């Protein structure tokens, strides 16, 4: 229960914000596409999207596995998907005593939202 | 060159806007996740992301294949990825004479951006 036991398990795997301009601003370079595509891919699975939404909408913006396991798949499958979301830099996790808590960085959501901003100049 | 030849090749494959609340608002249902995940998946490939960005940022918000083929892959590969983007409802296309023109629906970008909106109440 003590924060002294905190083991930050993963910093985001890549610098997310501000990786790239809005998709509508100019054609992405190869490097920008390589940076941004894994974030979209991580949310491109229905189970991962549900887990991500469950964490993002949970009280305080974080949740432990015990809070979010009702998505109709096995615990190992949940763990697998959470790992994928961490690898994509969308979640961070921290162990506190028995449980690992997962958190969505608002900056990640903001960065992805910015990618999808509609550029009035080209709309 | 005449619009009389226009052959709308695909309406969006699914109703995108407004499919779902922001990811941070409440846990997605299974149905919402099944609707939204394919849009993210479609952008989860670097080549598709570059093609999408090239079209979205092109003058007038549309482009023909001749405008966007400099992404370092073969023409059949470009066509394959454009088909995937259409199937996900992110692009529409229309034949005009010799060329097929691709267009990003601003409503699709807006809907995806809304999914990623940070809910101040939970941040």
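Quick note: the coordinates plus some simple rules give every number you see, no bench work behind them. Just so it is clear, the structure is predicted and the values come from calculations on it, not from any experiment. Cβ placement follows ideal geometry from the backbone for every residue including glycine, while neighbour counts extend to all protein chains displayed.
Under the shape rule built on the C-alpha gyration tensor, where the axes satisfy a ≥ b ≥ c, region B:15-76 is prolate, since a/c reaches at least 1.5 and a/b is greater than b/c. Would you mind classifying region B:60-109 by shape? Square roots of the alpha carbon gyration tensor eigenvalues, ordered a ≥ b ≥ c; an a/c under 1.5 is rounded, otherwise it is prolate if a/b is larger than b/c and oblate if not. Judged from the Cα gyration tensor, region B:60-109 comes out oblate (a/c at least 1.5, b/c at or above a/b). Projecting label points 7 angstrom from Cα along Cα→Cβ for residue A:59 and residue A:117 puts them 3.4 nm apart. Between residue A:67 and residue A:87, the FRET efficiency from the beta-carbon distance, with R0 = 22 Å, is close to 0.55.
Classified by the C-alpha gyration tensor, region A:24-116 has a prolate form. Its axis ratio a/c, with a ≥ b ≥ c, is 1.5 or above, and a/b is larger than b/c. Distances between copies at residue A:95, taken between label points 7 Å from Cα along the C-beta direction, are 6.1 nm in increasing order.
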